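In what follows, a structure is listed as structure tokens, so that the remarks can point back to it.
The values are calculated or read from the model by the stated rules, or taken from the named source; none is laboratory data. Source: prediction; values computed, not measured. Don't worry about glycine lacking a Cβ; one is built from the backbone with ideal geometry, like all the others, and counts go over all protein chains shown. Keep in mind that these areas ignore ligands, DNA and RNA; they rest on the heavy atoms of the full protein, side chains included. Shrake-Rupley method; radii C 1.70, N 1.55, O 1.52, S 1.80 Å.
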Amino acid sequence: MDNHSYNFPSDCTPLTNCKSARKPAGSTVVNMGNSGKNPPRDYLLWSLCNTFYVNFCCLGFMALIYSIKARDQKTLGNLQLAQECSDKAKWYNILAAGWNLLIPLLAVVLIVLLLVHLGSSQGSFDFLGEDGFQNFLKLFSW
């Protein structure tokens with residue numbers, strides 16, 4: 001439709017303040033879905049880090065699977081299932097991160113204890129007695 005074929009009311013032109021041609025203002029409501037509730041997190045980056053680092057008992061890989069499921073369900077709009085997968089991914093990530101921190105920490109502690117033991121002037125403590133090693137070997141001989 002071009003400007004020449006459009007008919008304006010006789011007392012109103014497009015750029016003037018014409019109160020007689022105005023309609024009463026109404027209200028428009030736009031529903032944006034869950035405005036009060038945030039969508040669940042998917043923990044994808046955390047899962048990738050846990051997958052590539054140590055990955056004890058495949059916990060990081062399980063977290064990655066549930067993170068991808070949570071992201072897919074969130075995209076599909078199924079927020080309840082997305083929240084369940086997000087919770088599982090979170091707990092697998094916590095377990096994987098715990099193991100990923102525990103193993104190097106134990107290795108450092110064992111190395112420190114070994115160095116302290118080797119550096120002590122007392123030497124080692126004989127747990128089996130004077131001829132304990134010989135008695136220990138007798139247990140396995142026929």
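So for region 113-134 (the condition being part of a helix (DSSP H, G or I), open to solvent by less than 90 Å² (accessible area, probe 1.4 Å), closer than 30 Å to Leu59 by Cα and modelled with pLDDT of 65 or more), does at least one residue qualify? Step through it out loud before you land on a result.
Within region 113-134, the subset part of a helix (DSSP H, G or I) is 113-119, 132-134.
Checking the rest, the ones that are also open to solvent by less than 90 Å² (accessible area, probe 1.4 Å) come to 117, 119, 132.
Within this subset, residues satisfying the condition of being closer than 30 Å to Leu59 by Cα are none.
Within region 113-134, not a single residue is part of a helix (DSSP H, G or I), open to solvent by less than 90 Å² (accessible area, probe 1.4 Å), closer than 30 Å to Leu59 by Cα and modelled with pLDDT of 65 or more.
For region 36-49, a tally of residues being surrounded by 15 or more Cβ atoms within 10 Å (Cβ to Cβ) and either part of a loop (DSSP other than H, G, I, E, B) or at pLDDT below 90 (or both) returns 5. For Tyr66, the stated conditions hold: it is at pLDDT 90 or above, surrounded by 10 or more Cβ atoms within 10 Å (Cβ to Cβ), touching a Lys or Arg at 6+ places or on another chain (Cβ under 9 Å) and part of a helix (DSSP H, G or I).
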